[in-house]
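Since the structure comes first, as structure tokens, the remarks are kept for the end.
The values are calculated or read from the model by the stated rules, or taken from the named source; none is laboratory data. All of these numbers come straight from a predicted model, not from anything done at the bench. Glycine also receives a Cβ, built like all others from the backbone with ideal geometry; neighbour counts cover every protein chain displayed. Surface accessibility is based on the protein's heavy atoms, side chains included, excluding ligands, DNA and RNA. Shrake-Rupley method; radii C 1.70, N 1.55, O 1.52, S 1.80 Å.
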Amino acid sequence: MAVNIRKFVLQAHSLDELVALGTLTAQAARFLEAAVASGLNILVSGGTQAGKTTLLNCLCAAVPARERVITCEEVFELRVPLPDVVSMQTRQPNLEGAGEIPLRRLVKEALRMRPSRIVVGEVRQEECLDLLIALNSGLPGMCTLHANSAREAVVKMCTLPLLAGENIGTSFVVPTVASSVDLVVHAGTDADGRRRVREIVALPGRAEDGVVEIADVFTSRDGRLVRADGYPPHPERFAAAGFDLAGLLA
């Protein structure tokens, strides 16, 4: 029998602390804070040990204090600093094979708990479909996903729901991803071990020939995260939340 012990150490608690660590720039941090407060759906992607969970925790710290947040995880790693948080964890089956509580069930149960926002620790399998359905219903949410780039993360979001059953096809999944996911924040690890946000891309909401359109909001040049020419969807949400989107991205 193999025993795997994973110890999660939270090195940063806010986006400002990530800026101090050099993980992302101050402009990108202000933009992400505004995106979270405006209720955009954000996917955090990256490889193993790229800092996805730490980044997700820091994004959760930007959620307005009035919101009720429901988290769904396989192992408790999210620490949302808000007064109204419900944390749920999956459960393995017992020796008789009964009592299992999968992540899919947690996502479904979360929708019955009056959430203002849903956060899934990591999407790996068919629970991606349930999360997409929740996001498509107008509920803001965030999650992490293993991927080598932001583009590959979007492709993976389009393929994982197909594991839910033969009746789920790309004709439904691809446009749903395009309209449900707003931003992808991709993190990576440098050769010296330093974690950095490599790119932030937006999904304008369009898909053609089975491919979801993306636009670069921030990209890496010479090892530094710089402003690209793309813009996030739903500028009206930024305005309603009191943010000047043009000023954030100037």
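Residues that are open to solvent by less than 70 Å² (accessible area, probe 1.4 Å) and either modelled with pLDDT under 95 or over 23 Å from residue 188 (Cβ atoms) (or both) within segment 110-127 comprise 110, 113, 115, 116, 117, 118, 121, 122, 123, 126, 127, listed in sequence order.
From the list 149, 137, 87, the lone residue that is among the hydroxyl-bearing types (Ser, Thr, Tyr), at negative phi and in contact with a Phe, Trp or Tyr (Cβ under 8 Å, 6 or more places away or on another chain) is 87.
Residue 78 meets the conditions (1) under 21 Å from residue 249 (Cα atoms); (2) crowded, with 22+ Cβ neighbours inside 10 Å in every case but one. The failed one is (1). Evaluate segment 32-55: report whether one residue or more is of a type in the set (Asp, Glu), within 24 Å of residue 111 (Cβ to Cβ) and open to solvent by 10 Å² or more (accessible area, probe 1.4 Å). The answer is no, given that none of the residues of segment 32-55 is of a type in the set (Asp, Glu), within 24 Å of residue 111 (Cβ to Cβ) and open to solvent by 10 Å² or more (accessible area, probe 1.4 Å). With respect to (1) at pLDDT 95 or above; (2) open to solvent by less than 30 Å² (accessible area, probe 1.4 Å), the lone exception for residue 85 is condition (2). All of (1) touching a helix residue (DSSP H, G or I) at 6+ places or on another chain (Cβ under 6 Å); (2) open to solvent by 20 Å² or more (accessible area, probe 1.4 Å); (3) modelled with pLDDT of 95 or more; (4) closer than 27 Å to residue 130 by Cβ hold for residue 157 with one exception: (2).
Selection of segment 212-222 for residues being free of Cβ contacts under 8 Å to residues at least 24 places away in the same chain and open to solvent by 60 Å² or more (accessible area, probe 1.4 Å) yields 216, 221, 222.
Taking the conditions (1) open to solvent by less than 60 Å² (accessible area, probe 1.4 Å); (2) part of a helix (DSSP H, G or I) in turn, residue 237 satisfies each one other than (1). Entry remark, segment 67-90: residues being part of a loop (DSSP other than H, G, I, E, B) and in contact (Cβ under 8 Å) with a residue 40 or more places away in the chain number 8 in total.
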